[in-house]
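The values are calculated or read from the model by the stated rules, or taken from the named source; none is laboratory data. Small disclaimer: the values here were computed from a predicted structure and weren't measured. Neighbour counts run over all protein chains shown; Cβ positions are idealised from the backbone, glycine included.
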Amino acid sequence: MEAYKQRMGANGSALDGVIELLKNTSILIDVFRDRRTVNESNDIRLQKRHAVQQWQKKVQSQKSLMSSECHEDTQLSIIGFLEMCDFMI
């Protein structure tokens, strides 16, 4: 997507939001696919989730890149996972 943005030249800035969304979604996918157990509350994967959650809160207050349903589903999956980790640790 970044290569396509460069090929678009001056119009490439229209893809900035999409690229940001893809980067943050990729972080979540990487964390979800990681098969290692979370043993500590300071695990880097939990910190990454917090960062994505903060990004989503910022995006929600601005012009949204995703539907409200998608945003809510993603937030609930992050919150549920973090609460489960807090309970288990």
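General observations
- L82 passes every criterion in (1) part of a helix (DSSP H, G or I); (2) hydrophobic (A, V, I, L, M, F, W, C); (3) modelled with pLDDT of 85 or more; (4) surrounded by 11 or more Cβ atoms within 10 Å (Cβ to Cβ) apart from (3).
- Flag for V52 being at pLDDT 85 or above, among the aliphatic types (A, V, I, L, M) and not in a helix (DSSP H, G or I): no
- Pair list, Cβ < 8 Å and 6+ apart or interchain, from the stretch 33-50 residues that are within 11 Å of I89 (Cα to Cα) to residues that are assigned to a loop (DSSP other than H, G, I, E, B): V38/I89; N39/I89; E40/I89; S41/I89
- Matching residues in the stretch 36-89 - criterion: being within 15 Å of E20 (Cα to Cα) and either in contact with an Asp or Glu (Cβ under 7 Å, 6 or more places away or on another chain) or among the small types (G, A, S) (or both): A51, S64
- Contact map, the stretch 5-28: first residue closer than 16 Å to V59 by Cα, second residue modelled with pLDDT under 90 and of a type in the set (D, E), Cβ cut-off under 9 Å, separation 6 or more or different chains; pairs are L15/E2; I19/E2.
- Among (1) within 12 Å of the chain's Cα centre (by Cα); (2) of a type in the set (G, A, S); (3) not in a helix (DSSP H, G or I) - the single one S41 does not satisfy: (1)
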